[in-house]
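Asker: Have a look at this one.
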Amino acid sequence: PSLFDSPAERYLKARRSVQHFTLVQLGKCCSDTERDLPRYVVHSYNFFLFPSTLGVRDVEFTLSASSIQFLSHYGFDYNKFLKDGIPYMNEVQEKTLRQHLLADSWKVFSTNNADRDVLKKAIDEVTSWITAAAEEETMILEDLSGYHMLEVQLVLRQALQNVWTKPLGDKKLMVKKVSPEHRQLLENSSYDHCQKKLILLAARGFTNLFQILVKAKKPLVGHNMFMDLMHLHDKFYRPLPESYEEFKRNIHSLFPVIIDTKTVTKSMQKKCLFPRVSSLLEVYAVLCSSILNRKGPPCPVIALASGCSRYAEKKSPHEAGYDAFLCGSGKMLLKSSFRVCVGTWQSFPSLDAVEADPSFSQYLAMLAEHVNKVNFIRGGVSSINFSGEDAPCHHPPALVVHVRGWPGLNETQIYQEFKAHCHFDVRRLSKNQFILLSNKYKNVRLVLRDYRHHPHLQVSVYHHWRHSPSVNCLLQ
């Protein structure tokens with residue numbers, strides 16, 4: 001990320017990353033109120049995911065060595081991801097699968113030799129058996145799991161018109177020799193485990209839950225969630241469009257109310273005595289501590305649902321379900337809104353007394369200015385507004401570096417030169433000029449002071465009408 005990035009430029013950078021990487025885990029946390037009790041009950045879930053391989057071309061994705069090490073450090077279960085990951089697909093992949101099913105032209109797209117060996121072994125056993133088998137005679141195929149069970153059935157039924165298949169459980173599949181007429185009756189019955197709608201349901205996997213969440217239109221809460229939203233769009237909805245504005249419109253249509261707790265806490269740091277912490281776990285720890293406790297209405301009571309108590313007993317940082325619990329459970333959202341409103345409590349007319357017990361809608365009202373504003377890391381705007389125009393970021397003034405008697409300098413060398421003093425983002429302006437951007441005023445003051453008499457680098461504040469190449473070209 002660069003301070004020079006516009007939202008559209010950053011989106012294109014992130015889009016390339018999202019297209020190359022997959023999701024390995026997704027956390028979901030929802031809460032509801034208990035009848036007659038002033039508390040919220042939290043349900044937290046952790047899903048391991050793996051791209052659907054049924055009827056779609058083999059999905060390729062990139063592994064980052066540093067990410068693998070990071071996840072391993074926090075105990076990520078790679079076996080569960082690879083062996084038991086829930087499948088998912090977007091609308092384009094689903095359309096391809098549906099066309100294959102409707103055309104009855106099933107193809108095995110897997111290029112995995114182990115998968116092909118399993119299918120070949122099963123098909124060889126059936127074709128050797130069926131020639132001598134009598135009608136209504138059966139045989140059992142074993143050690144078939146997951147997609148193997150489904151693909152073997154589809155391949156056999158497509159190749160042989162006189163067989164019927166039925167899963168028996170425990171990785172076993174019954175194959176029965178039947179007449180073509182009997183086969184046709186079975187295919188149109190409710191006993192068919194290979195009905196097209198059931199195949200689609202299985203292949204879509206987690207996408208079914210994603211579509212339920214979209215239909216529910218509940219507020220979607222996350223922390224620093226720009227990349228999360230891009231992955232949700234790309235993996236479960238549609239491939240990311242090239243247009244940044246189209247991406248914003250699509251997300252707003254899917255999730256009309258978005259709350260980014262990173263945006264909320266950044267605002268709290270400016271308005272309240274909130275420590276400058278960054279990570280989700282640090283923010284949560286501050287909110288749960290007594291640092292910010294002041295006289296005012298009590299925070300809502302949060303209770304973990306039965307079966308979800310593990311996160312109350314043990315911290316699991318960077319596990320998706322735990323992170324969802326931190327930011328999406330009532331503790332994060334409700335306490336954030338409470339802390340924001342502490343500073344402006346008297347201006348909230350519906351809460352007159354200290355003992356007032358505000359409702360969730362009142363807490364949400366205090367967050368109105370942050371709704372649909374997603375944090376934007378180091379760039380030309382402070383946040384992305386999914387329901388309007390992005391507001392520009394107010395950085396310290398840019399600096400222009402004019403190089404004299406030091407030929408051949410590039411952006412990297414300029415960056416290294418100033419890195420010894422403080423951090424700047426660098427972009428070439430012309431052959432002998434570079435622009436420096438920082439998000440700290442003290443860095444600007446320091447460089448202007450220290451480079452006042454430098455023999456080769458003349459540093460001054462950037463003025464568009466004086467330094468812009470396009471303006472200079474026009475004037476000349």
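The values are calculated or read from the model by the stated rules, or taken from the named source; none is laboratory data. Remember, it's a predicted structure, so these values are computed and weren't measured experimentally. Reconstructed Cβ throughout: ideal geometry from the backbone, glycine too, with neighbour counts over all protein chains shown. For accessibility, only protein heavy atoms count, side chains too; no ligands or nucleic acids. Shrake-Rupley method; radii C 1.70, N 1.55, O 1.52, S 1.80 Å.
Asker: Along the charge dipole of the range 106-195, which of VAL175, GLN158, THR138 sits closest to the positive end, that is, farthest toward it, with unit charges on the beta carbon of Lys, Arg, Asp and Glu (+1, +1, -1, -1)?
Answerer: My answer, from the dipole projection, is GLN158.
Asker: Could you pull out every whole DSSP H run in the chain that spans at least 24 Å of Cα extent along its own axis and averages -0.5 or higher on the Kyte-Doolittle scale?
Answerer: Details: long enough: 113-130 (25 Å, -0.41).
Those that pass (Cα extent of 24 Å or more, hydropathy at least -0.5) are 113-130.
Asker: Over the chain, what is the relative contact order in percent, taking alpha-carbon pairs closer than 8 angstrom and at least six residues apart? Working shown, then result.
Answerer: On the way: 678 pairs, mean separation 88.4, N = 476.
About 19 percent, as a whole number.
Asker: Using a cut-off of 12 Å between alpha-carbon atoms, which aspartates and glutamates can reach LYS262, once sequence neighbours fewer than 8 places away in the same chain are excluded?
Answerer: List returned: GLU282.
Asker: Cβ neighbours within 10 Å, averaged per peptide: list 439-448, 42-51, 177-186 in order, most packed at the top.
Answerer: On the way: 439-448: 15.2, 42-51: 19.8, 177-186: 13.7.
Those peptides, ordered most packed to least, come out 42-51, 439-448, 177-186.
Asker: Taking only protein heavy atoms and a 1.4 Å probe, what accessible area per residue, in Å², does the chain have with all protein chains in place? The partial results should precede the final answer.
Answerer: Numbers: 26010 Å² over 476 residues.
Accessible area per residue: 55 Å².
Asker: Continuing with this model, one more query. Around ASP143, what is the net charge, scoring Lys/Arg as +1 and Asp/Glu as -1 over all other residues with Cβ under 12 Å from its Cβ? Walk me through the numbers on the way to the answer.
Answerer: On the way: positive: LYS121, LYS171, LYS172; negative: ASP117, GLU125, GLU142, ASP170.
Residues near ASP143 contribute -1 overall.
Asker: Ranked from highest to lowest mean number of other Cβ atoms within 10 Å per residue, what is the order of the peptides 9-22, 65-78, 255-268, 229-242? Working shown, then result.
Answerer: On the way: 9-22: 16.1, 65-78: 11.7, 255-268: 22.9, 229-242: 19.1.
Output ranking for 9-22, 65-78, 255-268, 229-242: 255-268, 229-242, 9-22, 65-78.
Asker: In addition: Report, ordered by chain and residue number, the lysines lying within cross-link reach of LYS431, taken as a straight Cα distance under 24 Å and ignoring same-chain residues fewer than 8 apart.
Answerer: Answer for LYS431, where 24 Å is the Cα cut-off: LYS419, listed by chain and number.
Asker: Once you put a point 7 Å from the Cα of TYR74 and another 7 Å from the Cα of GLN211, both along the Cβ direction, what distance in nm separates them?
Answerer: About 3.1 nm separates the two model spin labels.
Asker: Antiparallel versus total DSSP beta bridges in the chain: what percent is that, nearest 5?
Answerer: 85 percent
Asker: Taking only DSSP H segments of four or more residues, each worth -39500 (n - 2.57), what value at 222 nm results for the chain once the sum is divided by all its residues, to the nearest 500 deg cm²/dmol?
Answerer: Working: 21 runs with 202 residues, N = 476.
When only DSSP H runs of four or more count, the value is -12500 deg cm²/dmol.
Asker: Could you tell me whether the range 179-323 comes out rounded, prolate or oblate from its Cα gyration tensor? Rule is a ≥ b ≥ c as square roots of the eigenvalues, rounded for a/c under 1.5, then prolate if a/b exceeds b/c, otherwise oblate.
Answerer: Details: a/c = 3.42, a/b = 2.00, b/c = 1.70.
The shape class here is prolate.
Asker: So, counting K/R as plus one and D/E as minus one, what does the shell of residues with Cβ under 10 Å around PRO396 add up to? Walk me through the intermediate numbers first.
Answerer: On the way: positive: LYS440, LYS442, ARG445; negative: none.
Charge balance near PRO396 sits at +3.
Asker: Sorted by packing (mean other beta-carbon atoms within 10 Å per residue), highest first, where do 421-429, 451-459, 366-374, 127-135 land?
Answerer: Numbers: 421-429: 16.9, 451-459: 13.7, 366-374: 19.1, 127-135: 11.4.
With the highest mean Cβ count within 10 Å placed first, the list reads 366-374, 421-429, 451-459, 127-135.
Asker: Using the crude model of +1 on Lys and Arg Cβ and -1 on Asp and Glu Cβ, and no other charge, please compute the dipole size for the chain relative to its Cα centre, in debye to 20.
Answerer: On the way: 59 positive and 46 negative charges, 416 e Å.
Using Cβ point charges on Lys, Arg, Asp and Glu, the chain gives about 2000 debye.
Asker: Still on this model: Could you tell me which residue out of LEU54, ILE377, SER387 lies farthest along the dipole of the chain toward its positive end? Charges go on the beta carbon: Lys and Arg +1, Asp and Glu -1, centred on the Cα centre.
Answerer: The residue sitting most towards the positive pole is ILE377.
Asker: Taking all protein chains in place and a 1.4 Å probe, what share, in percent, of the accessible surface of the chain do carbon and sulfur account for? Write out the running numbers ahead of the final one.
Answerer: Working: 13950 of 26010 Å².
Looking at the chain in its full context, I get 54 percent from C and S.
Asker: For the pair SER387 and VAL277, how long in nm is the line joining their label points, each one 7 Å along Cα→Cβ?
Answerer: Result for the modelled spin labels: 2.9 nm.
Asker: Shifting gears a bit: Which of LYS95/LYS248; LYS270/LYS315; LYS95/LYS217; LYS28/LYS235; LYS80/LYS235; LYS166/LYS197 have a Cα-Cα distance over 22 Å?
Answerer: Violating the 22 Å Cα-Cα cut-off are LYS95/LYS248; LYS270/LYS315; LYS95/LYS217.
Asker: What aspartates and glutamates could a cross-link reach from LYS172, if we take a straight Cα to Cα line under 15 Å and drop same-chain neighbours fewer than 8 places away?
Answerer: Once the sequence-local aspartates and glutamates are set aside, what remains near LYS172 is GLU125, GLU142, ASP143, GLU151.
Asker: Multiplying the sequence separation of HIS463 and TYR191 by 0.36 nm and subtracting their Cα-Cα distance, what value in nm do you get? Intermediate results must be reported in sequence, preceding the final value.
Answerer: On the way: separation 272, 0.36 × 272 = 97.92 nm, distance 7.52 nm.
In short, 90.4 nm is gained.
Asker: For a 20 Å ceiling on Cα separation, which of these pairs sit above it: LYS120/LYS171; LYS218/LYS266; LYS196/LYS218?
Answerer: Numbers: LYS120/LYS171 17 Å; LYS218/LYS266 24 Å; LYS196/LYS218 31 Å.
Listed pairs above 20 Å: LYS218/LYS266; LYS196/LYS218.
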